[in-house]
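Enquirer: The structure under discussion is supplied below as structure tokens; questions concerning it will follow.
The values are calculated or read from the model by the stated rules, or taken from the named source; none is laboratory data. None of these values were measured; they are calculated from a predicted model. Reconstructed Cβ throughout: ideal geometry from the backbone, glycine too, with neighbour counts over all protein chains shown. Remember, those area values only see protein heavy atoms, side chains included, never the ligands or the DNA or RNA. Shrake-Rupley method; radii C 1.70, N 1.55, O 1.52, S 1.80 Å.
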Amino acid sequence: MRILVIGGAGYIGSHVVKSLLQNNVQVRVFDDMSTGQAVNLFKDAEFIKGTILDSDALEHALEGVDGVIHLAAKKAVGESMEYPEKYAQNNLTGAINLLNAMVKKNVKYLVFSSSAAVYGIPQYAQVDENHPVNPINFYGFTKLEMERLMQWYDTLKGIKFVSLRYFNAVGYDAEGDILGLEKNPQNLLPVIMETLTGIREKMAVFGTDYNTPDGSCIRDYIHVSDLAEAHTLALKYLQKNNQSQMLNLGTGRGHSVLEMILETEKLLNKKINYTIAPRRSGDPETLTAIATKAEKLLNWYPQQSDLKNIILTTWAVYQKNG
Ligand code: UFG
């Protein structure tokens, strides 16, 4: 089996490539290297530099391929509200180009990197796949639109897909094979790490007046290697069942922002310089997953998502090159 991984040089994509290679899948990475990094490429995977905005390049990359994993999207929520045109072009035009190229090249399987952002403000804390979808930012809108496009291309053109709705992706490969650090990260754990390594002088906790036990927001943190494994299992599922699915990927457990900071301080025996700041707009109080559908259909069980492993695998990479 040969799989095209679009965005395979990125943070999640590189972990997906590792999981595929470990399962003896032939991998071809397609990445425009706008945020992907050469250090994340595996020598056992073929690499083509190219953009999903170039249909000819996409068709060329799809030659001889059995399925696609598509992770190449812009993902900064705040930026998507300021520059929607950038997100429309990359995440929507790019997605349409991909689907059309797949039709042309007769590639039938697609695993898509979606997000819990499609749900918008949760109407209940533990969100299942039947929760209404109503994104509150343009980034989440682009993910939902792609899900809808895939449903049409399934009905009209027989492309079968699994859309994986990630909750909060964290952690690094435990064997130290993936070392690329995201530049200018905005997510909690990388911000904690940058504060520890001195890249940032201090960090802010956005709100401690929420209706949660310690007042800070609660999220479902899922280790990126567990996420990666779900992509490999989703491909197997498609080959076996030929049926499209939307699946949450999370642990079902929640941790608060303050818990993440205090646990990091405890595990690393270091102090983190943080201040309490006002709430960040658009942050839901609590967002955790019900991921039993993925467990059942893919036989997927997170193995690496305990907080200690998440923090230590992340710290190992930041300590090395942060
Ligand atoms: N936070 C801080 N300080 C920081 C950064 C974050 O207090 O410097 C807080 C946030 O306010 C939030 C929590 O940490 O309460 C987690 O924030 P992240 O930015 O790490 O993650 P989000 O939950 O906002 O969003 C992430 C992805 C989205 C995805 C969502 C799904 O960035 O793409 O998870 O759960 F949709």
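Enquirer: So if I check each of T264, T292, which one is at pLDDT 95 or above and within 18 Å of N187 (Cβ to Cβ)?
Expert: Working: T292 fails: within 18 Å of N187 (Cβ to Cβ).
Checking each option against the conditions leaves just T264.
Enquirer: If we only count strands (runs of 3 or more DSSP E) wholly inside the range 22-101, which ones have 1 or more residues that are surrounded by fewer than 20 Cβ atoms within 10 Å (Cβ to Cβ) and out of contact with any Phe, Trp or Tyr (no Cβ under 6 Å at 6 or more places or on another chain)? Talk me through it step by step, then tell me what you get.
Expert: Numbers: elements: 26-31, 46-49, 67-70.
Because the criterion is at least 1 residues that are surrounded by fewer than 20 Cβ atoms within 10 Å (Cβ to Cβ) and out of contact with any Phe, Trp or Tyr (no Cβ under 6 Å at 6 or more places or on another chain), the strands (runs of 3 or more DSSP E) in the range 22-101 that meet it are 26-31, 46-49.
Enquirer: Among the residues of the range 195-231, count how many are open to solvent by less than 10 Å² (accessible area, probe 1.4 Å) and more than 8 Å from the ligand (Cβ to nearest atom).
Expert: Count: 9.
Enquirer: Is it the case that the range 106-123 has a residue that's farther than 26 Å from D32 by Cβ, in the same structural domain as Q37 (by TED's automatic domain parsing) and surrounded by 19 or more Cβ atoms within 10 Å (Cβ to Cβ)? Don't jump to the end; show me each part of the working.
Expert: Just the residues of the range 106-123 that are farther than 26 Å from D32 by Cβ, to begin with: 119-123.
Now narrow it down to the ones that are in the same structural domain as Q37 (by TED's automatic domain parsing): 119-123.
Now drop any that are not surrounded by 19 or more Cβ atoms within 10 Å (Cβ to Cβ), which leaves 119-120.
Checked the range 106-123: at least one residue is farther than 26 Å from D32 by Cβ, in the same structural domain as Q37 (by TED's automatic domain parsing) and surrounded by 19 or more Cβ atoms within 10 Å (Cβ to Cβ).
Enquirer: So, P302, is that one loosely packed, with under 14 Cβ neighbours inside 10 Å, within 16 Å of the ligand (Cβ to nearest atom) and either assigned by TED's automatic domain parsing to the domain that holds T195 or closer than 29 Å to Q123 by Cβ (or both) or not?
Expert: Numbers: loosely packed, with under 14 Cβ neighbours inside 10 Å: no; within 16 Å of the ligand (Cβ to nearest atom): yes; either assigned by TED's automatic domain parsing to the domain that holds T195 or closer than 29 Å to Q123 by Cβ (or both): yes.
For P302, the condition - loosely packed, with under 14 Cβ neighbours inside 10 Å, within 16 Å of the ligand (Cβ to nearest atom) and either assigned by TED's automatic domain parsing to the domain that holds T195 or closer than 29 Å to Q123 by Cβ (or both) - is not met.
Enquirer: Among residues belonging to the range 293-302 that are touching a residue at least 40 places away in the same chain (Cβ under 8 Å) and over 17 Å from the mean Cα position of the chain (by Cα), point out the one that is farthest from M193 (Cα to Cα).
Expert: Residues of the range 293-302 touching a residue at least 40 places away in the same chain (Cβ under 8 Å): 293-294, 297-300, 302.
Add one more test, that the residue is over 17 Å from the mean Cα position of the chain (by Cα), and what stays is 293, 297-299.
Working: K293: 33, L297: 35, L298: 33, N299: 33 Å.
If we take residues in the range 293-302 being touching a residue at least 40 places away in the same chain (Cβ under 8 Å) and over 17 Å from the mean Cα position of the chain (by Cα), then L297 is farthest from M193 (Cα to Cα).
Enquirer: Now, a different point. Which residues, counting only those in the range 158-194, are in a helix (DSSP H, G or I) and near the ligand (Cβ under 9 Å from one of its atoms)?
Expert: Just the residues of the range 158-194 that are in a helix (DSSP H, G or I), to begin with: 188-194.
Once the filter is applied, which keeps residues that are in a helix (DSSP H, G or I) and near the ligand (Cβ under 9 Å from one of its atoms), the range 158-194 yields L188, L189, P190, V191, I192.
Enquirer: Being closer than 26 Å to M1 by Cα, open to solvent by 40 Å² or more (accessible area, probe 1.4 Å) and either charged (D, E, K, R) or within 15 Å of the ligand (Cβ to nearest atom) (or both) narrows it down to one residue among E295, E259, E285; which is it? Spell out the reasoning first.
Expert: Values: E259 fails: closer than 26 Å to M1 by Cα; E285 fails: closer than 26 Å to M1 by Cα.
Only one candidate qualifies: E295.
Enquirer: Would you be able to tell me the number of residues in the range 81-111 that are of a type in the set (F, W, Y) and either within 20 Å of D31 (Cβ to Cβ) or touching a Leu at 6+ places or on another chain (Cβ under 8 Å) (or both)?
Expert: Residues of the range 81-111 of a type in the set (F, W, Y): 83, 87, 109.
From the residues that got through so far, the ones that are either within 20 Å of D31 (Cβ to Cβ) or touching a Leu at 6+ places or on another chain (Cβ under 8 Å) (or both) too are 87, 109.
Residues in the range 81-111 being of a type in the set (F, W, Y) and either within 20 Å of D31 (Cβ to Cβ) or touching a Leu at 6+ places or on another chain (Cβ under 8 Å) (or both): 2 in total.
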